[in-house]
Each structure stands twice: as C-alpha cells, then as structure tokens.
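Bear in mind these aren't lab numbers, they're just calculated from the coordinates by the rules spelled out. All figures in this text were calculated on a predicted structure; none of them were measured in a lab. Cβ atoms come from the backbone with ideal geometry, glycine included; neighbour counts cover every protein chain shown.
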Amino acid sequence: MRLRAWVRGERGLQTLEWIALALVALALLTALAIGLRQTEAGPGEAVSAAVSALFRCLTNGADCPVAAVGVGKAGSCLAQPTACLRRWEDCLLHGACAGADPENLLGLLPWLALVGIGLGGGLFALLPPSVPRRRWTWPRITFPPPRVPRGRPILPFRPISVRVPTPPPKPTPTCPSSLTSEPAQVDACAQELQKYGIYIDPRNWKLEEIHLILRGVKRMGEAMGGPENMKRAIGGVFIDRRAGGGAETYAFWPHPPWKRIVIGEATLHQEPAWRGEVAIVHELAHAWDMQSANLLQRISGRPGQIVREMIKFIGEEPGPTCYGGLKSETCPPKWRVGDPKEEWAESVSAYLYPEYIEFLRLTSEKEADLRPLHRSYVERQFNLARQSANHTNR
Ligand SMILES: [Zn+2]
C-alpha cells in the first residue's frame, strides 16, 4: 500500500517519468552509437534513422530494417529475446562477454520498450492519479504591446465573435493588406494565422512573408469551409523560417505544437510569387495527412490514413507532377520512384493552385495534370473537412 501511495503521489509520478525518460535516452544513445558506426552519415541522419528503425521494429517485425542493415547479431536478439537476456546476464554478471554482445542490445530494445510501455500503461490504468495534473494548453505567444504613434488615431478594431465563450471579447488590431511593418500589424497578422491553427513567431518574419503564408492558408481554409475546419483538420502546426534549404514538415516535433514546418527563404521567395504559397500549401497538406496518422506512424515517418486510402483510390493513375508521382519518361529519374506522401501533397497543391499546373506545363513538365481520380479524391477530403464541421455545429 505504501508503494501504491508513493506511485500515486507527485514524487512517485515524477520518478517514474524520469525512469522512463532515462530508458528512452539509453535506448536512443545505443541506437545512435551503432548507427554512427554503421553509416557514414552525420549525427542528425543517424538519430533519425535509429529512431525510425526502432519504431519500425516495434510496429512491424517483418519491416524491421535492423537485420537488413546488418547490425551484428541484433536480428537474433529480436527473434529470441529470452536467449539474448541470458547472454546479457552471462556478460554483465559473470564477465563472459563475447565480441558482438554490445551490439545485441539493439535487438533487445524493442522488447524492452514494449515491456516498459506495457508496465507503464498498466500502472497508470490501474492507479488513477490522485494528484491533479495540469492539462497541457496551447502555448500563448506573448506579443509586445502595440506601439501607436502619438497624435494619430488608433487602428479600427473588431471585437472577437460573440460565439467564443472565453476569453471575454477584447479589441484586436486588424491584419492590414498594405505592407507597412508596424509591429502591432505583424502581430495582428500572426494572430489571424492562429485562427487556422498555424503558429509562427512574428519576430522571425517580415510582414510580406506573413502575408504570403496567409494567402496560401486562406485559400486552403476557404476550400475547407472556414478557419475552424482547417484548424481541426490540420491540428496545429508551427511554421519556422530558416536561411537555407527547402521546405520540410516534421510529423513529430518534441514539443507542442507537435508538428512543425521548416521553410527556407529561397523556397518562400520564388518567381512568380505565388509559388511560395504553393510550397506552404504543399507542406500543410503533409500536416493534414499526419493528423490522420497515429503516433507510431508519425514517428516512423509512415503515411497517415488519408495517403493510405489515396493509394487504393487512384490505382494506376499518374500523379499530377514529376515530384508528385507522374513517373513519366520526361521526369527526372530520381523522382520516377514516386512517394505517395508527395503525390498527395502535390495533388492538394494542384487542386488549390491550377496556375501551378499551367506553369509547369508551359515550362518543364508538359504532362503535368491533376487527373480525374486524384482530383475527386482531393475534393472528397475537402468535403469531409467541411462535413465534420456541420456535424459538430448541430
Ligand atoms: Zn513534400
């Protein structure tokens, strides 16, 4: 009973959390060490490969790349965890370690993780915490108070819609369409984005860039029947800006909002300017699919339900663009393999931006086209996003 009380107390919960964290850290470090020894890739690639491999092994043994990569005898540990445990006992307690033993730990990790998750899950299911746990809430980005030049009238403001029960209506500055980078206006535009579930740190962005994001986001939001629907479908994404590189969406970021889009300046600023909006919409389409995936699928980089159903629906129909599964002879060979996730993101981009397909047909990809099955699948997903809203409004 003392153990029960301890576990249910705040200290007990904290200790259990720390033990779980330490186990995860140990597992990751081991996987990382082996990943670094096996590949010539940098630490970043090794970490992501190790994490991905670990979760693939957990979710689907047949697809587990551990054996395929040839990491020592890890495969045998995965298949016979009990025999492996005995070897470890010999190694640690009796000092009879064989040469490859340290690498065998990798094969045990999925089992250790399974046992840990099972024990932890059971414990928390059986013992409802007596300590009220603070619920996680969306982070509120705090903005500096608006600077209003003296002697000039304050910007006209709109009260927040009366249907929102909390917080009580407060005046909000509007997001202007003109490009004057008053800090208060930048903040107002960032807050406009939040209605769609898009979070940014306004200090990192120029007003024209926020406008660019907002144009893409609004076009997507309108197709979904409004900001609320889009927020629900995409589930909250933080957009981060970086100097170099392209654009990428991370399905699982270590802290909330759990999804993150990182976009490079060159991708944001393209000719014609709407191509930056296409890039944003493309990444948001990834986020939409990730929202339909479970946690393990997200961490292991697998597609969500939206993309999995798309594969069945479209059959052999070519994708809209070379990057999105067109697989034509005229496409660059590296893109001919195809990736269903990109095919979905490109289909959403092509659906929302017909000018994108026109542009590609005139410049580099003559066969670019959003074909009937792809179009109707994307349309169906947009309709579903609208309908789920009608349902909850009733
Ligand atoms: Zn993509």
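Does the range 233-357 come out rounded, prolate or oblate by the C-alpha gyration tensor, with a ≥ b ≥ c the root eigenvalues, rounded set by a/c under 1.5 and, if not, prolate when a/b is larger than b/c and oblate if not?
oblate
Where the Cα atoms of the range 202-246 are projected onto their three principal axes, how long is each span, largest first, in whole Å?
Answer, in whole Å and largest first: 33, 20, 19 Å.
Set the Förster distance to 41 Å, then compute FRET efficiency between GLU358 and LEU114 from the Cβ-Cβ distance, nearest 0.05.
Using R0 = 41 Å, I get an efficiency of 0.20.
What is the P(r) of the range 182-393, as percent of Cα-Cα pairs per 10 Å bin from 0?
Over the range 182-393, the share of Cα pairs per 10 Å bin runs 9, 35, 39, 16, 2, 0 percent.
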